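Student: Input: one structure, supplied below.
The values are calculated or read from the model by the stated rules, or taken from the named source; none is laboratory data. The structure presented is a predicted model; accordingly, all values stated were derived computationally and were not measured. All Cβ positions, glycine included, derive from the backbone under ideal geometry; neighbour counts span all protein chains shown.
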Amino acid sequence: MFLINCPFCGEREQSEFKAGGEAHIKRPKQPTELSDDEWAEFLFMRKNIKGVQFERWNHAHGCRKWFNIVRDTSNDQIKAVYKMGEKPPVK
Amino acid sequence: MKNNYSIFSLIKNAFSYHENWEKAWKDPEPKKEYEAIIVGGGGHGLATAYYLAKKHNMKNIAVVEKGWIGGGNTGRNTTIIRSNYLWDASAGLYDHALKIWEGLSQELNYNVMFSQRGVMNLAHNLQDVRDLKRRTHANRLNGIDAVYLNTEEVKKFCPIINTSQDIRYPVLGGTLQRRAGTARHDAVAWGYARGADEMGVDIIQNCEVKGIKRNGDTVEGIETNKGFIKAKKIGVVAAGHSSVIANMAGLKLPLESKPLQALVSEPVKPIIDTVVMSNAVHAYVSQSDKGELVIGAGTDDYISYSQKGSHDIVEGTLNAILELYPIFSRMRMLRQWGGIVDICPDASPIISKTSVKGLYFNCGWGTGGFKATPGSGDLFAHTIANDEPHKLNAAFNLNRFVSGDLVDEHGAAAVAH
């Protein structure tokens, strides 16, 4: 129930987008050497922050591109939007 | 000893205009130390305290609640109770709860208005039909009553459903669990609170946990806005805020907290005497004793703690409701709200010890915890008291995300858990 400023298309309704969850979870470089605990951490464990969170979104009903946003999950206010590969803005 | 609620106490209190009923629970200040503290005064938390006191002979217990008891998801859900889950572990867990529900009003001497009006799950495509038939067979092997209905039988059981084959998602059949039904959600919280209070449990409201104190790998107590409270055992039942509490203890959980919405209509005369759920089109409906239609919508796909959901979710649900029940097309909706639900990757709960000694979590119930309230409390109490899980909740440990032994209930839970 909020607007998202897609870096490629401009401001659109949130319902056009698909949330992709927590951002900056690094895919393991050498998966074959990972322990079960490390797999669990990568696959399942989430910060699930109440407050400012970095997350991935996809403009599913628009340009279909992925990008990142910084959002306060306690009130859904978006603090910043930045493209994939760009450095996250410091809090 | 509390006075029993009965027809006689009702008549007696009528003479004093119902102004002299004794308080159902006290409003104590926290003591310095407890044997066990339960964080979260919802149905699950209060039930946990109740069974700790009743079955495990613990007397020095506190339930701390940041708001008022039953004010979170206990008071926000659509009150559906059923146990028709696919896997053996889930069937054991949810049917354990259902069996307690069947005698709960008598046990608590508090009318929780448990009504076994049946829950019907609809199938809208061939895969739904196959899945629901498979689930029916699995249920019956586990001793859970379930029958598969064809389209005519669905229509006969609930005549207002549009079974025309011309609609976008035609009704191809459905399952029915007759022992399933609904209960009054507030009464469940209040009944358990009254029962726990009678056995000496301190129910402390407006007491928010600010921190969990650890000494190495052992838990020592909780920091709250009413000061530090010491305890050797702490059970956290904080639903959508479980991750927040876990973070205080330096733990991470496999949960995502999302808004789940529900709405009720204006009250009307009895029109639907059962619960009908459709996972595929995200619509489920029943009618409360006041006459309101109680409608459950879906979750948003983003993490949020704002207790507000998106309008398009409600719109999608009402589209589906109107297609299935054209008779509701002129109903007006009275209220809409959201609750924050803690969703596990496998749509099954966590009732488990943690890597911190004395710290236990009961979470991950996601979109469907209400139905399990009594069973969840009973099994969590067992886990806390014995520092070991009961055999019915052994599969629902935190370690399953490491071992990979998940209990995938997305089919039976979906969003309409």
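Student: Is it true that A:Asp72 is more than 11 Å from the chain's Cα centre (by Cα), under 22 Å from B:His311 (Cβ atoms) and either exposed (fewer than 15 other Cβ atoms within 10 Å of the Cβ) or free of Cβ contacts under 8 Å to residues at least 40 places away in the same chain (or both)?
Tutor: Here the answer is yes, as A:Asp72 does meet what is asked.
Student: Tell me, yes or no, whether region B:176-188 has at least one residue that is surrounded by 15 or more Cβ atoms within 10 Å (Cβ to Cβ), in contact with a Leu (Cβ under 8 Å, 6 or more places away or on another chain), of a type outside the set (A, V, I, L, M) and at pLDDT 95 or above.
Tutor: yes
Student: Which count do you get for residues in region A:47-59 that are facing chain B (nearest Cβ under 10 Å) and either aromatic (Phe, Trp, Tyr) or more than 20 Å from B:Ile343 (Cα to Cα) (or both)?
Tutor: Residues that pass the stated criteria total 1.
Student: Tell me yes or no: at least one residue of region B:144-158 is assigned to a strand (DSSP E or B) and within 27 Å of A:Asn48 (Cβ to Cβ).
Tutor: Applying the first criterion (assigned to a strand (DSSP E or B)) to region B:144-158 yields B:147-150.
Next cut, within 27 Å of A:Asn48 (Cβ to Cβ) only: none.
Within region B:144-158, none of the residues are assigned to a strand (DSSP E or B) and within 27 Å of A:Asn48 (Cβ to Cβ).
Student: May I pose another question? Look at B:Lys66 and say whether it is of a type in the set (D, E, K, R), closer than 30 Å to B:Met248 by Cβ and out of contact with any His (no Cβ under 8 Å at 6 or more places or on another chain).
Tutor: yes
Student: For region B:245-260, which positions are without any contact (Cβ under 8 Å) to a residue 24 or more places away in the chain and out of contact with any helix residue (DSSP H, G or I) (no Cβ under 7 Å at 6 or more places or on another chain)? Working first, answer last.
Tutor: Our first condition is that a residue be without any contact (Cβ under 8 Å) to a residue 24 or more places away in the chain; within region B:245-260, this holds for B:247, B:252.
Of everything in region B:245-260, just one residue is without any contact (Cβ under 8 Å) to a residue 24 or more places away in the chain and out of contact with any helix residue (DSSP H, G or I) (no Cβ under 7 Å at 6 or more places or on another chain), namely B:Asn247.
Student: Now a separate question. In this structure, does B:Met120 turn out to be of a type in the set (A, V, I, L, M) and either within 17 Å of B:Gly173 (Cα to Cα) or crowded, with 24+ Cβ neighbours inside 10 Å (or both)?
Tutor: Judged against the criteria, B:Met120 is a match.
Student: Next question, about the same structure. Which of the residues spanning region A:32-46 are within 7 Å of chain B (Cβ to nearest Cβ), within 28 Å of B:Lys210 (Cα to Cα) and outside any strand (DSSP E or B)?
Tutor: Selection gives A:Ala40, A:Phe44, A:Met45.
Student: Same structure, new question: Kindly indicate whether A:Gly10 is at positive phi and within 12 Å of another protein chain (Cβ to nearest Cβ).
Tutor: no
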